[in-house]
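Step one of this worksheet: look at the structure below.
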Amino acid sequence: MEKLVMDVVNAGIALFRSGEEKLKTAVVDLEKVYTDLKSKGELDKSPESQKIRDLLSKTITDAKDAIGKTNASYEEIVTKLQANYQSIYAQLDTALPPQLKEKAKQALDELKALIDKVKNKQG
């Protein structure tokens, strides 16, 4: 019985190690794909890409400015973020290839849901 338990434990350890190696490999592969995509994106100097970068930069700046003001209301912050969100959404529709467009829109839809949630709490 003791040998059977040890065999099961050893098999479990081997299974864990095998899964651990596959996970490490997957993480390395994911990092490589991310780095490749990031590099390709940085090389894209098209007007559409620059518009998206500018809109994202403006969104971040507006959010920082609004949050930095002691008298800024949530409504003011949300209104600015929502306006920038709508601009970004429209730009993505024309600038991204179809395979990336859906993923980007899903992320922006999640952002819109958060904005709406904050807006509804204030209303």
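When the alpha-carbon atoms of region 1-71 are used, the pair Rg, Dmax equals 24.6, 72 angstrom. For the chain, the longest principal axis of the alpha carbon atoms and the long axis of helix 74-95 meet at an angle near 70°. When Arg53, Arg17 are sorted by how many other C-beta atoms sit within 10 angstrom of their C-beta, beginning with the fewest, the order is Arg17, Arg53.
When the Gaussian network model of the chain links Cα atoms closer than 10 Å, the mean-square fluctuations of Lys80, Lys38, Lys105 top out at Lys38.
Among [x] 15.3; [y] 15.7; [z] 18.4, find the value of Kirkwood radius over Cα pairs in Å that was calculated from the structure presented, and write down its label. Checked against the structure: label [z].
Laboratory data are not the source of any read-out in this text; all were calculated from the coordinates shown. All of these numbers come straight from a predicted model, not from anything done at the bench. Virtual Cβ from ideal backbone geometry, glycine too; neighbours counted across all protein chains shown.
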